[in-house]
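No value in this document is a laboratory result; all are computed from the given coordinates. Not measured: the values here are computed from a predicted model. With ideal geometry, Cβ positions are generated from the backbone for all residues, glycine too; neighbour counts draw on all protein chains shown.
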Amino acid sequence: MQNRRRLANALRFLSMDAVQQANSGHPGMPMGMADIAEVLWRDFLKHNPANPRWIDRDRFVLSNGHGSMLLYSLLHLCGYPLPLEELKRFRQLGSHTPGHPERDPARGIETTTGPLGQGLANAVGMALAERVLAATFNQPGFTLVDHHTYVFLGDGCLMEGISHEACSLAGTLGLGKLICFYDDNGISIDGHVQGWFTDDTPKRFEAYGWQVIRAIDGHDPEAIGRAIRKARRESAKPSLLCCKTIIGFGAPHKQGTEATHGSPLGADEVAAARRTLDWPYPAFEVPDDVRSAWDARARGKRAENKWLRLLKEYRKGYPGLAAEFDRRSSAGLPEGWDELAAATLAAVQDKGGASATRQSSQAALNAFGPRLPELFGGSADLTGSNNTWTTSSKGITRADPAGNYVWYGVREFAMTAVLNGITLHGGLLPYGGTFLVFSDYARNAVRMAALMRLPTIFVWTHDSIGLGEDGPTHQPIEQLASLRLIPNMTLWRPCDAVEAHAAWIDAIERRGGPTGLVLTRQTLPHQARSTEQLGELRRGGYVLVDCNGLPELVLVATGSEVALAVEAARALGADGRRVRVVSMPATQLFDAQPDQYRATVLPPGVPCVAVEAGVRDYWCRYTGRRDHVVGIDSFGASAPAKDLFPHFGFTAAAVVAVAKHALGA
């Protein structure tokens with residue numbers, strides 16, 4: 001016990017010293033959970049600091065991410081490439097030790113946490129991915145995929161509503177390799193939580209179908225070890241380990257209070273903690289025997305080498321599966337993908353025909369799904385409306401995880417964070433659907449996908465007032481503009497089946513961030529294109545209909561409004577005006593093109609009118625004037641779509657009127 005306490009104290013003092021030096025941070029949680037971390041990381045966690053990306057490693061998620069110094073101290077002591085100098089630069093510009101963990105797989109940080117509860121939901125996705133991949137690739141005598149997902153979480157994570165959504169789903173799916181440690185210290189920023197958090201947490205999780213291990217002394221290594229072993233024996237249920245801890249353990253005058261939560265302890269209290277815990281070393285100094293006991297590189301190498309020997313034998317017995325496992329583990333596309341994508345796009349263009357872009361999206365999935373078994377779908381209780389179910393789909397259940405589709409239920413926020421966790425795990429390319437307006441429920445998880453540059457795919461249907469009778473609660477107005485403002489995000493709003501297929505191709509190929517596919521309920525007409533236009537389509541904006549000579553005016557539109565712009569251009573052309581129509585399904589991609597290309601599409605000095613059934617302000621970047629945008633700045637109304645569009649000014653005649661105004665006519 002004394003030796004283990006000494007090892008845990010190394011975590012405590014590295015954490016409190018870093019917070020003290022930065023004069024900023026949260027020392028209380030690292031000090032309170034250090035004993036739990038010592039047992040988990042030294043006795044149970046399967047990982048290799050020399051290869052942080054080893055595919056069969058256990059995943060560790062610090063959902064209560066304000067306690068980031070605990071994770072940094074663990075990674076440093078175990079031998080990950082996170083040197084002591086980085087701990088000394090905690091919360092400083094350019095360091096690898098930011099205030100809340102930011103995804104850094106090369107250094108062992110699995111996911112970005114900070115917004116409470118999302119790390120827990122990411123972990124549900126990781127555990128789900130492990131279970132699905134195990135069902136896909138494991139064979140008799142070859143448990144190629146066999147790892148746990150461990151989560152540290154606190155009261156704040158459990159107060160956030162996303163914890164209910166995600167943990168309810170985890171219980172329903174029976175994710176037995178998900179093991180969560182609840183830091184039950186009774187303290188949050190405002191003080192003792194009994195004033196605002198009196199849930200019976202164990203009963204809550206038992207109701208979800210979890211195994212709950214109650215009243216664990218979070219400072220007793222033997223009790224912690226027994227609880228972990230019990231959790232690991234349970235294969236049919238996720239486990240919640242309720243650990244009673246003292247926040248700021250070891251700080252004699254402040255432990256057990258909110259004073260240790262979000263502020264440095266102060267020099268005097270740090271000195272007092274050193275005396276209390278018998279740690280007679282200067283700041284940031286760890287004695288050699290403690291460092292040696294923590295160093296996990298040798299045992300990590302042994303663990304990975306054992307798995308590599310298994311993989312070698314697996315390759316002999318199952319060469320096809322092994323090749324597929326390698327491809328998917330490296331996020332590579334299948335051989336012949338480029339040819340398939342190009343041929344499919346050309347075939348859709350040749351076929352023509354009107355369709356709703358949500359139906360075109362489903363057709364794209366049907367075309368690509370058989371060649372991309374890693375596509376992993378789902379919907380938040382809107383499968384038939386989002387058109388996310390395909391001919392290749394098979395639903396996942398607790399009894400049968402060998403599928404590729406999840407019914408997420410009415411859980412938009414958790415679904416989005418779970419999708420991120422699946423992406424983070426690797427081996428699967430997840431997509432999930434809901435109505436565009438309900439992206440608001442999921443917004444912070446969408447933002448986290450963009451912050452982490454995850455290639456998660458979001459399918460958002462019913463993109464405008466065109467959804468009709470459900471009314472303004474369901475009709476998105478500001479969502480298109482606000483989603484386009486998220487860094488690293490790509491938003492596609494296709495105008496027909498061809499652009500919908502191109503959007504899916506781009507989403508599948510993209511690696512630097514998430515993609516949102518914004519799709520219509522209503523049918524849209526097919527647009528004619530040349531082979532050259534098909535190639536330019538992938539650039540996010542291109543000339544769809546042109547005039548003879550330099551245009552006098554450019555009409556820019558997206559989605560269902562492209563057809564309006566084409567009709568208006570014809571009317572203006574009949575009056576002798578030279579008008580170009582630009583379809584711009586992905587503004588972020590267009591904005592990233594070279595200046596020369598953008599100038600060929602939108603010639604400098606030529607007036608521009610934009611048409612989109614959303615707020616007008618976003619389009620001023622192209623038009624320069626708000627009165628050159630045909631948009632909608634009010635909420636919608638409940639009525640058939642055929643009545644709503646003319647009511648809100650979305651007609652060819654209205655576009656012509658604004659165009660003539662822009663031309664000074």
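Classify the stretch 310-425: rounded, prolate or oblate, from the alpha-carbon gyration tensor (a ≥ b ≥ c, eigenvalue square roots; a/c under 1.5 rounded; otherwise prolate if a/b is larger than b/c)? Taking the square roots of the gyration eigenvalues as a ≥ b ≥ c, the stretch 310-425 is oblate.
Of the peptides 378-385, 471-478, the order by per-residue mean of other Cβ atoms within 10 Å, starting with the highest, comes out as 378-385, 471-478.
Charged neighbours of His261, selected by a Cβ distance under 13 Å, balance to -3 (K, R count +1; D, E count -1).
Stretching the chain fully between Ser263 and Asn305 yields a gain of 10.8 nm (0.36 nm per residue, less the alpha carbon separation). The C-alpha atoms of the chain define a longest principal axis, and helix 319-329 lies at about 80 degrees to it.
Note the full-extension length gain between Ser235 and Arg327 as 0.36 nm times their separation in residues minus their Cα-Cα distance, in nm to one decimal.
30.3 nm is the gain from fully extending Ser235 to Arg327.
Calculate the spin-label point distance for Asp633 paired with Glu85, positioning each point 7 Å from the Cα along the beta-carbon direction, and give it in nanometres. Between Glu85 and Asp633, the label points sit 5.3 nm apart. For the chain, take the longest principal axis of its alpha carbons; what is the angle in degrees between that and the long axis of helix 357-368, to the nearest 10 within 0 to 90? Helix 357-368 and the main axis of the chain meet at about 60 degrees.
Antiparallel beta bridges, as assigned by DSSP with both residues in the chain, represent about 15 percent of the total such bridges.
Give me the percent of Cα-Cα pairs in the stretch 588-661 that sit more than 17 Å apart, rounded to a whole number.
Numbers: 1414 of 2701 pairs.
Looking at the stretch 588-661, the distances longer than 17 Å represent 52 percent of pairs.
Mind running the shape call on the stretch 352-393? Use the C-alpha gyration tensor, a ≥ b ≥ c as the square roots of the eigenvalues: rounded below 1.5 for a/c, prolate if a/b tops b/c, oblate otherwise. Note, shape of the stretch 352-393 comes out oblate. With the convex hull drawn over the C-alpha atoms of the stretch 121-244, the volume per residue is 102 Å³. Please compare each pair in Lys177/Lys203; Lys177/Lys316; Lys312/Lys394; Lys177/Lys394; Lys203/Lys301 to a cut-off of 32 Å on the Cα-Cα distance and tell me which ones are over it. Going by Cα-Cα distance, Lys203/Lys301 fall outside the 32 Å limit.
Here Ser24 and Arg214 are evaluated by their C-beta separation; at R0 = 35 Å the FRET efficiency comes out at 0.50.
Where the alpha-carbon atoms of the stretch 1-44 are placed on the principal axes, they occupy 32, 17, 13 Å, in descending order. Once both axes come from the Cα atoms, what is the angle between helix 652-663 and the longest principal axis of the chain, in degrees from 0 to 90, rounded to 10? Long axis of 652-663 versus the principal axis of the chain: about 90 degrees. In a fully extended conformation the segment linking Glu339 and Asp400 would gain 18.5 nm over its present Cα-Cα distance, using 0.36 nm per residue.
Counted by Cβ distance under 10 Å from Gly300, the other residues give a net charge of +4, where Lys and Arg count +1 and Asp and Glu count -1. For the chain, the dipole from Cβ point charges (+1 on Lys and Arg, -1 on Asp and Glu) about the Cα centre works out to 1420 debye, to the nearest 20.
Taking a ≥ b ≥ c as the square roots of the eigenvalues of the Cα gyration tensor, the stretch 545-640 is classed as oblate, since a/c reaches at least 1.5 and a/b does not exceed b/c.
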